[in-house]
Amino acid sequence: MAELTKKERMQIPRQPMPEQAPNSRNKNFTEVNLGFTEELAKLEAERCLQCPKPKCVEGCPVGVQIKDFIKLVAEGDYLAAASKIKENNVLPAVCGRVCPQEEQCEARCVTGVKGESVAIGRLERFVADYERTTTGIRQAEIKTKTGKKVAIIGSGPAGLSCAGELVQLGHTVTVFEALHDIGGVLIYGIPEFRLPKEIVKAEVDALEALGVEFKTNSVIGFTDTIDELMTVEGYDAVFIGVGAGLPYFMNLPGENYNGVYSANEFLTRVNLMKAYKFPEFDTPVFDVKGKNVAVFGGGNTAMDAVRTSKRLGAANARIIYRRSEVEMPARIEEVHHAKEEGIEFVMLTNPLEFLGDEAGWLHGVKLQKMELGEPDASGRRRPVAIPGSEYVMPIDMAVIAIGNGSNPIIQKTTPDINFNKWGNITVEEATMKTSKKGVFAGGDIVTGGATVILAMGAGRKAATAIDEYLMENAVIQ
Amino acid sequence: MFKIVSAEFLAPEVKRFEIEAPKIAAKRKAGQFVIVRISSQGERIPLTIADSSVERGTITIIVQGIGKTTREINEHKAGEFFMDVVGPLGLPSHIENFGTAISIGGGVGTAIAFPTAKALKEAGNHTISIIGGKSKEYVILENELREICDEVYPTTDDGSYGYHGFVTGKLKDIIESGTKVDFVLAIGPIPMMKAVAEVTRPYGIKTVVSLNPVMVDGTGMCGGCRAVVGGQTVFVCVDGPEFDAHEVDFTLLMKRNNTYRSEEKSALDKHVCSLDKQFAEAINN
Ligand SMILES: Cc1cc2nc3c(=O)[nH]c(=O)nc-3n(C[C@H](O)[C@H](O)[C@H](O)COP(=O)(O)OP(=O)(O)OC[C@H]3O[C@@H](n4cnc5c(N)ncnc54)[C@H](O)[C@@H]3O)c2cc1C
Ligand SMILES: Cc1cc2nc3c(=O)[nH]c(=O)nc-3n(C[C@H](O)[C@H](O)[C@H](O)COP(=O)(O)OP(=O)(O)OC[C@H]3O[C@@H](n4cnc5c(N)ncnc54)[C@H](O)[C@@H]3O)c2cc1C
Ligand code: SF4
Ligand code: SF4
Ligand code: FES
C-alpha cells in the first residue's frame with residue numbers, strides 16, 4: 001500500500017469494536033467485545049499520524065511506545081508490535097480491555113482534537129490477542145540468576161507486574177496469594193464478560209513458565225508474617241500488593257437484610273466461585289430471576305454488578321446514584337454498554353433505609369431525590385437532598401458498590417510499617433519503599449482504589465527499586 | 001493439595017480428619033479456623049481447627065455433614081486429599097486465668113469449643129465442660145475432654161445419656177448450686193448460644209460465643225459474614241469469630257444464615273450421597 005498522506009489518514013473513520021448484540025449478550029457471560037479483525041486493526045493503525053512528539057504516550061501511566069507499536073501493526077508485524085508494547089506493559093491483553101483509555105492515552109491523541117482519537121486500547125488488545133492465539137505468549141529473556149529471593153504479597157496487577165520484572169532480572173520470585181486463584185480483582189472482581197478469565201490465566205501461566213512460583217491459600221499476616229518471610233523463609237525483599245479489599249457499607253438501617261450484598265461479595269460469588277454456573281459449581285448466589293435489583297454507586301464496580309445481575313436474569317436491574325450521570329466515575333464504554341443491555345439509570349437519588357420482612361428478607365428501599373448544589377472538594381457538584389421527595393422502590397436484591405477501604409490484616413500484623421489514617425501504606429514516591437527495610441508496596445494498598453494500569457506501573461517501579469536494593473546489598477556483602 | 005492422614009466418624013454425620021498442613025499446625029492458636037475447598041467446583045467452607053500436632057505437621061478438623069459440601073467432605077477417606085486448606089484465620093480466643101471456666105458445646109460445637117477448653121485449662125482455670133447432644137450417639141469428644149477438663153457433664157435431649165435436658169439446664173444447675181462461675185464459652189446451634197447468653201446475663205458472667213455466619217473469602221474482603229455485636233456491624237472472619245454473647249444480635253445471625261436455604265436444598269437433592277452406607281460401615285467396624 002502506498003504511503004498515505006496525513007489528510008488521507010484523517011479521513012479514515014475510527015473503527016468500531018465488533019460486539020455481541022445487546023439483547024443476546026445480556027443473557028450470557030461471554031465477552032461483550034469481540035475484538036478487531038486484522039483488516040480493522042490495520043485500517044485503525046493507518047489513522048495514527050506518527051507524531052514526531054507523540055502526546056498519547058504522556059497519557060499512558062506506564063509510557064507504552066504507542067506510536068511505534070501502531071506502526072508495526074500498520075505494517076502487519078503484529079508479533080513485533082506485541083514485543084514493543086511489552087517493553088513497558090506486561091499485561092497488554094488486560095489493559096487493552098480495561099484501561100480507561102478515553103481518559104489516558106486516547107485523551108491526549110492529537111487526532112482527537114478535531115475528530116476521534118486513534119483507538120489505541122483496541123489496537124493494544126488486538127496485538128496481545130494475536131500473539132496469544134497464534135504463537136502463544138512469548139517469553140522474555142531472563143538474566144543470570146542473582147540468588148536473591150523476593151516475596152510478593154498479593155497476585156493482583158501490582159504483584160504480577162512486579163513479579164514479572166523481577167524474575168526477568170534474575171531474581172527468585174514467589175507470589176503469595178490469600179485466595180485459591182491468581183489475579184486479584186482481575187479474577188474475583190471484573191466479570192468474565194469484560195475480561196475472560198482464560199486471558200488472565202494465560203498471563204499467569206506465562207509468568208510461571210518464566211519461573212515465578214505461586215503460592216495460593218497463603219494469607220500473609222496469618223499463614224506467615226512479613227517478618228517470618230524475611231527471617232525464617234529467607235526472603236531478601238518483600239513487595240506488598242494486597243489491594244484495597246475492604247468493602248464499605250452505607251451504615252443505613254436494614255443494610256443487613258438478606259439480599260443486601262457488597263459488590264465484592266456479589267462479584268466474588270459470581271466470578272471467582274462461578275455461582276452463575278450453580279449448581280454445577282457449589283457456591284450459590286441470590287436467585288434474581290424475574291426480580292428487581294438495585295445497585296448503589298456509579299463506578300466500574302457498580303456497572304459490573306448491575307450488568308452481572310441482568311445476566312443472571314433480573315427483570316429490572318437499576319443503577320442508583322446520588323449525583324448525575326456526568327459525575328459518574330465509571331468508564332463511558334461501560335455506561336454505554338449497560339444502557340444498551342437494558343440497565344435503568346436512576347440518577348440524583350440517594351437511599352435512606354432498606355426495608356425488609358419479618359424473616360429478614362429485603363423487599364424495598366426508601367429513596368430520596370437529590371439536586372446538584374455547589375462544587376465540593378473533589379470539584380464535582382455536591383448532591384443536596386430535596387425535602388419531601390422520599391419514595392419507596394420495591395427491590396429484592398441490593399448491591400452496595402460505593403468503594404473499598406484497605407484490608408487491615410497486614411497493618412495489624414506488621415507494626416513497623418507506616419500507614420496513613422485511611423489505612424493505606426505510605427511509601428517513598430520514587431522507589432515505593434515503605435518504612436520497613438527491604439519492604440516495598442504498590443497498587444491500591446498505597447493509592448486506595450485506582451486502576452489496573454496504575455497498579456501495574458507501581459509494581460514495575462517497585463521492581464526497579466527492589467533490584468537496585470538487592471544488587472547494592474550484594475556488593476556490600 | 002492437602003493429604004488426609006486419618007479420618008473417622010465420631011457420631012452420625014460427624015467426622016474427624018487429621019490433615020497434613022505443617023505451616024498451619026505450627027501457627028494456629030485456639031479459636032482459629034481454616035477454610036477448606038474440596039474441588040475446583042467447590043465452595044469455601046470455614047471449619048475450626050480442633051487440634052494440631054507440630055511434630056506430625058497436622059491439624060484436626062471435625063465436620064458435621066449438614067449440607068451438600070460438608071457431606072461431601074465427610075465422604076473423604078484417609079489417604080485422599082483436600083484441594084485447598086487456608087489458615088489459620090480469625091482472631092485467636094482470648095485466654096486468661098478467669099478462675100472457673102465452663103465450656104459448653106452443642107453437637108459439633110463441642111469440637112469447636114474443644115481447643116479453647118484445652119487452652120483455658122492450660123491457663124490455670126478450673127475447667128468444666130458441658131457437652132450436649134440429641135441422644136447418646138451425638139455426644140462427642142467426651143473422653144478427650146475428660147483428659148483435659150476438671151469436670152465433664154454430658155447432656156442429652158432425650159435423656160439417653162448423662163443429664164436429661166439441654167445444656168442450659170445443666171449450666172443453671174451448676175450456677176445455682178453455688179459454684180462461682182467466672183467465664184462461660186458456648187458454641188453450638190444459634191438457639192443454644194442465645195439461650196446460654198440469657199442464662200448467664202442476670203448473673204453478669206462473662207460469656208463468649210463463636211459465631212458461624214456464611215463466609216466466602218474469610219479474609220475481610222466480602223462482608224458476607226457480617227453480624228451485629230453491640231449495635232455495630234462486624235466482619236466475623238477478621239473481627240471474630242468469638243464475641244461477647246450478651247452483645248450479639250442472634251436473631252439477625254439466624255436470619256442471615258438462611259439466605260441460601262432454597263439453593264442449598266436443591267444442591268443437596270442433586271447430590272446422591274453414599275454417606276448412609278459409610279455410617280453403617282463405620283459404626284459396624
Ligand atoms: C469490580 C471492579 C471493576 C474494576 N474495573 C476496572 C477497570 O475497568 N479498569 C481499571 O483500570 N480498573 C478497574 N478496577 C480497579 C482495579 O481492578 C484495581 O485498581 C486493581 O486491581 C488494583 O490492583 P492491586 O494489584 O493493587 O490489587 P488487587 O487486584 O486488589 O489484588 C490484591 C490481591 O492481594 C490478595 N491479598 C490481600 N491480602 C492478602 C494477604 N494478607 N496475603 C496474601 N494475599 C493477599 C488479594 O486476595 C488479591 O488477590 C476495578 C475494580 C473492581 C473491584
Ligand atoms: C468460623 C466458623 C467455624 C466453623 N467450624 C465448624 C466446625 O468445626 N465443624 C463444622 O462441622 N462446622 C463448622 N462451621 C460451620 C460450617 O462452615 C457449615 O456447616 C458449612 O459451611 C455448611 O456448608 P454446606 O454446604 O455443607 O451446607 P449448606 O448447604 O451450605 O447449608 C446447610 C444448612 O446449614 C445452614 N448453614 C449454612 N451455613 C452455615 C454456617 N456457616 N453455620 C451453620 N449453619 C449454616 C444453612 O442455613 C442450611 O440450612 C463453622 C463455621 C464458621 C463460620
Ligand atoms: S496501557 Fe492503557 S493507557 Fe497505556 S497505552 Fe495501553 S491502553 Fe493506553
Ligand atoms: S498522538 Fe495519536 S496520532 Fe499521534 S502518535 Fe499518538 S496515537 Fe498516533
Ligand atoms: S467471609 Fe468475606 S469478609 Fe468475612
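The values are calculated or read from the model by the stated rules, or taken from the named source; none is laboratory data. Quick caveat, the model's predicted, so the values are computed rather than measured. Neighbour counts run over all protein chains shown; Cβ positions are idealised from the backbone, glycine included.
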Restricting region A:400-443 to residues that are within 20 Å of the chain's Cα centre (by Cα), within 14 Å of chain B (Cβ to nearest Cβ) and under 21 Å from A:Phe222 (Cα atoms), the one surrounded by the most Cβ atoms within 10 Å (Cβ to Cβ) turns out to be A:Asn407
When region A:265-277 is checked residue by residue, the ones that are surrounded by fewer than 21 Cβ atoms within 10 Å (Cβ to Cβ) and either in a loop (DSSP other than H, G, I, E, B) or within 7 Å of chain B (Cβ to nearest Cβ) (or both) are A:Lys274
Just a yes or no: is a residue in region A:65-86 touching a strand residue (DSSP E or B) at 6+ places or on another chain (Cβ under 7 Å) and within 26 Å of A:Gly189 (Cβ to Cβ)? no
Tally, over region B:22-55, of residues that are of a type in the set (A, V, I, L, M), under 17 Å from A:Gly221 (Cα atoms) and in contact with a strand residue (DSSP E or B) (Cβ under 7 Å, 6 or more places away or on another chain): 4
Condition met for B:Ala195 (out of contact with any strand residue (DSSP E or B) (no Cβ under 7 Å at 6 or more places or on another chain), away from ligand 2 (no atom under 13 Å from the Cβ), in contact (Cβ under 8 Å) with a residue 12 or more places away in the chain and not charged (D, E, K, R)): yes
What residue, among those in region B:199-239 that are closer than 28 Å to B:Val181 by Cβ, within 19 Å of the chain's Cα centre (by Cα) and within 14 Å of chain A (Cβ to nearest Cβ), is surrounded by the most Cβ atoms within 10 Å (Cβ to Cβ)? B:Val236
Please specify each residue of region B:122-147 satisfying the condition of being surrounded by fewer than 23 Cβ atoms within 10 Å (Cβ to Cβ) and under 20 Å from B:Phe243 (Cα atoms). B:Ala123
Can you confirm whether region A:158-180 contains a residue that is within 14 Å of chain B (Cβ to nearest Cβ), more than 16 Å from ligand 5 (Cβ to nearest atom) and over 20 Å from A:Leu34 (Cα atoms)? yes
Given (1) modelled with pLDDT under 95; (2) in a strand (DSSP E or B); (3) more than 10 Å from chain A (Cβ to nearest Cβ), index of the condition B:Phe243 fails: (1)
Starting from region B:54-70, take each residue that is away from chain A (no Cβ under 13 Å) and list its partners that are small (Gly, Ala, Ser) and not in a helix (DSSP H, G or I), counting only C-beta distances under 7 angstrom and pairs at least six apart or across chains. B:Thr58/B:Ala21; B:Thr58/B:Ser52; B:Thr60/B:Ala50; B:Thr60/B:Ser52; B:Ile61/B:Ala50; B:Ile62/B:Ala50; B:Gln64/B:Gly107
From the option list A:Ala45, A:Ala21, single residue qualifying as away from ligand 1 (no atom under 16 Å from the Cβ), among the aliphatic types (A, V, I, L, M) and under 18 Å from A:Gln101 (Cα atoms) is A:Ala45
Taking only pairs six or more apart or across chains, which ones have beta-carbon atoms under 6 Å, a first residue in region B:81-93 that is within 7 Å of chain A (Cβ to nearest Cβ), and a second residue that is buried (at least 20 other Cβ atoms within 10 Å of the Cβ) and of a type in the set (Gly, Ala, Ser)? B:Val85/B:Ala21; B:Leu89/B:Gly218
Could you list, in sequence order, the residues of region A:136-166 that are among the aliphatic types (A, V, I, L, M) and either closer than 20 Å to A:Ile85 by Cβ or without any contact (Cβ under 8 Å) to a residue 40 or more places away in the chain (or both)? A:Ile137, A:Ala140, A:Ile142, A:Ala158, A:Leu160, A:Ala163, A:Leu166
Of the residues A:Thr225, A:Thr268, A:Thr231, only one is without any contact (Cβ under 8 Å) to a residue 40 or more places away in the chain and of a type in the set (S, T, N, Q); which? A:Thr231
Among the listed residues A:Gly243, A:Gly254, A:Gly234, identify the single one that is facing chain B (nearest Cβ under 9 Å), of a type in the set (Gly, Ala, Ser) and in a loop (DSSP other than H, G, I, E, B). A:Gly243
Among A:Gly299, A:Gly373, which is touching a Pro at 6+ places or on another chain (Cβ under 6 Å), of a type in the set (Gly, Ala, Ser) and surrounded by fewer than 20 Cβ atoms within 10 Å (Cβ to Cβ)? A:Gly299
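Here's the yes/no breakdown for (1) in contact (Cβ under 8 Å) with a residue 24 or more places away in the chain; (2) not assigned by TED's automatic domain parsing to the domain that holds A:Val285:
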site	(1), (2)
A:Met397	yes, no
A:Gln411	no, yes
A:Asp416	no, yes
A:Asn424	yes, yes
A:Lys433	yes, yes
A:Gly442	yes, yes
A:Ile445	yes, yes
Quick one: which of A:Ala45, A:Ala41, A:Ala21, A:Ala74 is under 25 Å from the mean Cα position of the chain (by Cα) and at pLDDT 90 or above? A:Ala41
Can you tell me which of (1) away from every other protein chain (no Cβ under 14 Å); (2) surrounded by fewer than 21 Cβ atoms within 10 Å (Cβ to Cβ); (3) touching a Lys or Arg at 6+ places or on another chain (Cβ under 9 Å); (4) farther than 26 Å from A:Val32 by Cα is the one A:Thr349 doesn't meet? (2)
Of A:Gly373, A:Gly423, which residue is small (Gly, Ala, Ser), outside any helix (DSSP H, G or I) and under 25 Å from A:Leu179 (Cα atoms)? A:Gly423
What number of residues in region B:1-26 are within 19 Å of the chain's Cα centre (by Cα) and either within 16 Å of ligand 1 (Cβ to nearest atom) or over 30 Å from A:Pro279 (Cβ atoms) (or both)? 3
